[in-house]
Amino acid sequence: MADLGRICLLLALVVCAYGIFAAVYGVRTGRVEFSESARRAVYALAIILTTAFAVLEIAFLRNDFAFNTVADTSSRTTPTFYRAAAVWSSQEGSLLLWAWLLSLWSSLALFLVRRRMRDIAAYATAVLLGFAAFFISLMIFYATPFATTSPAPAEGVGLDPLLRFPTMMIHPPMLYSGYTLCTIPLAFAVGALATRRVDADWIKAIRRFAFAAWLFLGVGILLGARWSYSELGWGGYWGWDAVENASLMPWLTGTAFLHSLMIQEKRGMLKVWNVSLVLATGTLAVMGTFLVRSGILNSIHAFGGATLGVPFVVLIGILIAGSIYLVVSRRDVLRSEHRLDSLLSRESLFLANNVVLVALCFVIFWGTYFPLISEALTGTEASVGPPWFDRYTVPLALILVLLSGIGPVIAWRRATLANARRNFLAPLLGALATLVVLVAAGVTERPFALAMFCCAGFVFASVAQEFVRGTRARRAIAGEPPPLALLALVRRNRRRYGGYVVHVGIAVLFVGVAASSSFQHAVEQRIAVGGSTRVGSYTIRYVRPTATITPKEDRAHTGSTLALGAVLDVSKGKRHVATLRPSEGFYDSGEPAQGSVGHLIGGQAVSHISMSAGLTRDVWTAIAPDISTPALQRIVTIGNRTLSAEEAPIAIGVLAREYLKHPPAAEFHFIVSPLVMWIWIGGLIVFGGGLIAIWPAPSTVRRRVALRSRSAHGLARA
Amino acid sequence: MEVLVALLAFALLAVVIAVIAAPLRASLARPPERKRERVSPERAELEAEREAKYREIRDAELDFRTGKLSREDYASLDAALRSEGLEILNRLEALDDRPKTDPEVED
């Protein structure tokens, strides 16, 4: 079936080339049938790439090791669940995922505008097919997912154990959906600039896709953070890793765009700024993919070889140069139609929010690319770590959270000081109450965390005030009971109140980040069975060792040959809090040189953490068992000498029993972090608010407004 | 297996050609003419502006009802927004009688 995959890629490239030609020819000559044919080329591309993706997915599920990518990233011992996800764990498979998702989202976008903006859509079609052609070319010429080896190896290397985690099924597709969705506003921006139609219509057409990109990227980032916290064995959820940063940057510029587009919709202002943000977001999404795919920067996410670096640099260069050219050459049609009425207005607040978001993006961009810049200028690689990022991002995040509380209580166009004073009273009291409670509780030693909690208090009070006043206003108009009035208020103003919910979610998330990073207790200690240690106000005792030897019985279901761990008793004072069972999985390396027994546990050892998570704190534990003791090593050595491959598991059983009988002291990592759970809850609130804002108005609420006969009525009831 | 792959490839090719060529075949079947968009660009732009203006009027009312605007500020702002809205409606009316859409407005 690899031949079918290869045929699909070649056919896809031909379709892309034809579609680009037909789109440009159609729009240049006014031959609409060509523009429509180009749009349909995108649908055809989706069909072809769906077939290609299915071919690869089937190869993974059937353990078809004739496919090099299957042999390199899967194995018979890899559980089926993870085999299905292994498609995007490889360089080649993830390129196919990118192109496939791009074709699906592009088809949807072009289908929705099939009867509108024909010229803009034709250019957008050409751009989207250009992106697709780029990724398909990479798969044909540099990293093909359908390369085969004959004869096929009997067994594959297996999926990287670090990726054997449930959210890895969904994290990359979400992130890639975000990245590919970012290219849709970019494509339409290019179309709008090319046709000089940078009016409200194209903004309206891309708004939902920009929102969807933002939402998918956000969920992808959060799932990545969750993976880092629960799987990587270091206990953190954000390490300012290059690839983490690469996904955060387009999310930040996308957030800025979602705010500033409202100013263009309402006032016809910020056109240059908005197209620049859209172009920057799309370019940053491609740069994010570049960072993962090129292997140019060290990252736990980097997928190896640097073979794709040059094509990506060329693409990014074209994107940047093309964006600058289009914006500069269209500056006459990008002129603002109005000016700010007042500095005390929601527009001004949105501008300030945009400045902070872009500043955050710039800081992260500089910190991420600094190693490359430094190497290019001085010849020596230097890098910046979390303290450098924290120095700049923490104050900016504080301002951002504060602005998200101020925005909702300021009116559009102009607000008066008298009204502002009245509207700020409750939020300020909220912040003050938070401060008093925290100071009374003795939380004074971390000023930035304290400031973040106060800012969050400000946001909660501000948004609560908005909901209360809005519900009251709705009740005054419609006489509905409070719950119905609240529902009607949100339903009739989804973007506004969905946005407020997002603000609350962001504040909750930052409370979790500030608390967990400022008031964390961490201990790394070697402990023997029966020993204990104190972590914050908790006592953790090593009760007994554990050992699991059958991959299918491995508690984490990740397919490890051997998992060694511990049963830990967590108590606070005399109260039992939790029993935790961290372990470390040892995987088959697939290297016969390590011996018949040695290779079974010679692969990467991966920590399976265990934690007691709660609303107020998480107790997080990880173990690194010591299998280098002479007694355990002797079992491996003798097994290697005397046992065949079929008999080798016997030695693993003996090793496990020896470990249980004479457990050596193990290295433990304990962390007690307050309020981590609120990071995930905040993320869910952001997701919920995003869904409210993006959800189309229900048909019962939608009204059809006949243009001529009811235009005056429409204005009157607006 | 090779026969199956060939069959699948040909089927895929046929589907792709059918999908892509449909508009070209349709245009050959009838005299070529420049089809008009269901919504003209000018009308689409004005309709988008009108929707944005309606939303702005509703937002101003909500700002007033939630205490962010004084009665005087709201009265003058609302009058200004409605006059801008009327101007958009007049421009829409002034367009020739090309096919109109029935735009959906979020309530």
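Overview of results
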{"quantity": "From A:Phe424, A:Phe448, A:Phe389, A:Phe370, residue being of a type in the set (Phe, Trp, Tyr) and under 25 Å from B:Gly67 (Cβ atoms)", "calculated": "A:Phe424"}
{"quantity": "Yes/no for A:Pro482 being within 30 Å of A:Cys454 (Cβ to Cβ) and more than 32 Å from the chain's Cα centre (by Cα)", "calculated": "yes"}
{"quantity": "Cross-chain or 6+ apart pairs with Cβ under 6 Å, segment A:416-436 first and within 11 Å of another protein chain (Cβ to nearest Cβ), then of a type in the set (Val, Ile, Thr) and buried (at least 17 other Cβ atoms within 10 Å of the Cβ)", "calculated": "A:Asn423/A:Val409"}
{"quantity": "Among (1) of a type in the set (D, E, K, R); (2) crowded, with 22+ Cβ neighbours inside 10 Å; (3) not assigned by TED's automatic domain parsing to the domain that holds A:Leu429, the one test that A:Asp569 misses", "calculated": "(2)"}
{"quantity": "Per-region count, segment A:216-232, residues buried (at least 21 other Cβ atoms within 10 Å of the Cβ) and either within 14 Å of chain B (Cβ to nearest Cβ) or out of contact with any Phe, Trp or Tyr (no Cβ under 7 Å at 6 or more places or on another chain) (or both)", "calculated": "5"}
{"quantity": "Scope segment A:9-42; condition buried (at least 20 other Cβ atoms within 10 Å of the Cβ), facing another protein chain (nearest Cβ under 7 Å) and not charged (D, E, K, R); matching residues", "calculated": "A:Leu11, A:Val15, A:Val32, A:Ser37, A:Ala41"}
{"quantity": "Filter result for the condition that a residue is more than 10 Å from chain B (Cβ to nearest Cβ) and either surrounded by fewer than 24 Cβ atoms within 10 Å (Cβ to Cβ) or not in a helix (DSSP H, G or I) (or both), over A:Ala99, A:Ala84", "calculated": "A:Ala84"}
{"quantity": "Any hit, segment B:28-36, residues being exposed (fewer than 13 other Cβ atoms within 10 Å of the Cβ), assigned to a helix (DSSP H, G or I), modelled with pLDDT under 85 and more than 25 Å from the chain's Cα centre (by Cα)", "calculated": "yes"}
{"quantity": "Subset tally (residues that are buried (at least 23 other Cβ atoms within 10 Å of the Cβ) and farther than 12 Å from A:Cys361 by Cβ) for segment A:272-282", "calculated": "5"}
{"quantity": "Residue among A:Gly442, A:Gly470 that alone is closer than 30 Å to A:Asp341 by Cα and either in contact with a Leu (Cβ under 6 Å, 6 or more places away or on another chain) or not hydrophobic (A, V, I, L, M, F, W, C) (or both)", "calculated": "A:Gly470"}
{"quantity": "Test: A:Arg208 is in a helix (DSSP H, G or I), at pLDDT 85 or above, within 30 Å of A:Asp332 (Cα to Cα) and not hydroxyl-bearing (Ser, Thr, Tyr)", "calculated": "yes"}
{"quantity": "Test: residue in segment A:47-55 that is of a type in the set (Gly, Ala, Ser) and away from chain B (no Cβ under 14 Å)", "calculated": "no"}
{"quantity": "Segment A:602-635, residues that are more than 30 Å from A:Leu675 (Cβ to Cβ) and surrounded by 23 or more Cβ atoms within 10 Å (Cβ to Cβ)", "calculated": "A:Pro625"}
{"quantity": "Qualifying residues in segment A:64-80 (those that are polar (S, T, N, Q) and in contact with a helix residue (DSSP H, G or I) (Cβ under 6 Å, 6 or more places away or on another chain)) - the one modelled with the highest pLDDT", "calculated": "A:Thr69"}
{"quantity": "Unmet requirement for A:Gly239, which otherwise passes all of (1) surrounded by 20 or more Cβ atoms within 10 Å (Cβ to Cβ); (2) over 25 Å from A:Ala321 (Cα atoms)", "calculated": "(1)"}
{"quantity": "Residue list for segment A:398-415, restricted to those being of a type outside the set (D, E, K, R) and either over 33 Å from the mean Cα position of the chain (by Cα) or more than 8 Å from every other protein chain (Cβ to nearest Cβ) (or both)", "calculated": "A:Leu398, A:Ile399, A:Leu400, A:Val401, A:Leu402, A:Leu403, A:Ser404, A:Gly405, A:Ile406, A:Gly407, A:Pro408, A:Ala415"}
{"quantity": "Filter result for A:Val443 (of a type outside the set (Phe, Trp, Tyr) and in a helix (DSSP H, G or I))", "calculated": "no"}
{"quantity": "Test: A:Glu231 is over 26 Å from B:Ala44 (Cα atoms) and among the acidic types (Asp, Glu)", "calculated": "yes"}
{"quantity": "Lone unmet requirement of (1) surrounded by 12 or more Cβ atoms within 10 Å (Cβ to Cβ); (2) charged (D, E, K, R); (3) assigned to a helix (DSSP H, G or I); (4) modelled with pLDDT under 90 for B:Lys100", "calculated": "(3)"}
{"quantity": "Selection status of A:Val333, of a type in the set (A, V, I, L, M, F, W, C), modelled with pLDDT under 90 and in contact with a His (Cβ under 6 Å, 6 or more places away or on another chain)", "calculated": "no"}
{"quantity": "Filtered residues of segment A:15-63 (kept if out of contact with any helix residue (DSSP H, G or I) (no Cβ under 6 Å at 6 or more places or on another chain) and touching a residue at least 40 places away in the same chain (Cβ under 8 Å))", "calculated": "A:Ala17, A:Val32, A:Thr50, A:Ile58, A:Asn63"}
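The values are calculated or read from the model by the stated rules, or taken from the named source; none is laboratory data. In this text the structure is predicted, and so the values were computed from the model without any measurement. Note: ideal-geometry Cβ built from the backbone for every residue, glycine included; neighbour counts use all protein chains shown.
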